[in-house]
Amino acid sequence: MRIAIPAEDDKGLESNVSRHFGRAKYFVFVDLENGKIKNTEVVEVPFDKHGPGDLPNFIKENDSKVILAYGMGRRAIEYFNNLGIEVITGAHGKIKDIVEAFIHQVLEIDPYWKKKIEEDKKREGHHEHSCHT
């Protein structure tokens, strides 16, 4: 199984999950086999700006079946689901740690991620965007 995680930087498993899914410049793709990490790949997002479906199609093209993200909007989640990709939100921390927790089915999610994303948007003066609401 291949999972995708939006990353703050290009350090792979040592990166932290990006709090801003729609603005992540990198995704870490992790291949799991028999309950272990088999391979990782860091891929730079190939576009600066994106429209509806661009990121889900990018994830699909990279053969991911699951995406672990901090926050994501309802429309983006629906788009992923329509492509057959499971979305798990509220994932936070170092990518290596959340992948290991996912493997062992003990992933702890931040139940307040929606509120924190809204606070970030207000602080940064951002408008409503489908990746975050």
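Rundown of residues vs (1) in contact (Cβ under 8 Å) with a residue 60 or more places away in the chain; (2) surrounded by 16 or more Cβ atoms within 10 Å (Cβ to Cβ), yes/no style:
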{"position": "PHE47", "(1), (2)": "no, no"}
{"position": "PRO52", "(1), (2)": "yes, no"}
{"position": "ASN57", "(1), (2)": "no, no"}
{"position": "GLU61", "(1), (2)": "no, no"}
{"position": "ALA69", "(1), (2)": "yes, yes"}
{"position": "ARG74", "(1), (2)": "no, no"}
{"position": "ASN81", "(1), (2)": "no, no"}
{"position": "VAL87", "(1), (2)": "no, yes"}
{"position": "HIS92", "(1), (2)": "yes, yes"}
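Every residue in the stretch 11-27 that is touching an Asp or Glu at 6+ places or on another chain (Cβ under 7 Å), within 25 Å of GLY51 (Cα to Cα) and modelled with pLDDT of 95 or more, please.
Correct list: ASN16, TYR26.
Can you tell me which condition GLU108 does not meet? The list is (1) in contact with a helix residue (DSSP H, G or I) (Cβ under 8 Å, 6 or more places away or on another chain); (2) surrounded by 15 or more Cβ atoms within 10 Å (Cβ to Cβ); (3) free of Cβ contacts under 8 Å to residues at least 40 places away in the same chain; (4) farther than 17 Å from HIS20 by Cβ, and all the others hold.
(2) is the only condition that GLU108 fails.
If I go through the stretch 12-33 residue by residue, how many of them are in contact with a strand residue (DSSP E or B) (Cβ under 8 Å, 6 or more places away or on another chain) and farther than 16 Å from ALA76 by Cβ?
Total satisfying the criteria: 12.
Restricting attention to the stretch 30-37, does a residue exist that is under 13 Å from the mean Cα position of the chain (by Cα) and within 14 Å of ARG2 (Cβ to Cβ)?
Yes, because at least one residue in the stretch 30-37 is under 13 Å from the mean Cα position of the chain (by Cα) and within 14 Å of ARG2 (Cβ to Cβ).
Taking the condition among the charged types (D, E, K, R), in contact with an Asp or Glu (Cβ under 8 Å, 6 or more places away or on another chain) and either assigned to a loop (DSSP other than H, G, I, E, B) or under 18 Å from ILE3 (Cβ atoms) (or both), does LYS60 pass?
no
Among the residues of the stretch 70-89, is any assigned to a loop (DSSP other than H, G, I, E, B), touching a Ser or Thr at 6+ places or on another chain (Cβ under 9 Å) and among the small types (Gly, Ala, Ser)?
There is at least one residue in the stretch 70-89 that is assigned to a loop (DSSP other than H, G, I, E, B), touching a Ser or Thr at 6+ places or on another chain (Cβ under 9 Å) and among the small types (Gly, Ala, Ser).
Which condition from (1) closer than 26 Å to PRO111 by Cα; (2) modelled with pLDDT under 95 is the one that VAL30 breaks?
Unmet condition: (2).
Restricting attention to the stretch 35-45, which residues are surrounded by 10 or more Cβ atoms within 10 Å (Cβ to Cβ) and in a loop (DSSP other than H, G, I, E, B)?
VAL45, the sole residue that qualifies.
The values are calculated or read from the model by the stated rules, or taken from the named source; none is laboratory data. On a predicted model such as this, the values are computed, not experimentally measured, just so you know. Positions of Cβ are generated from backbone atoms using ideal geometry, with glycine treated the same way; all protein chains shown enter the neighbour counts.
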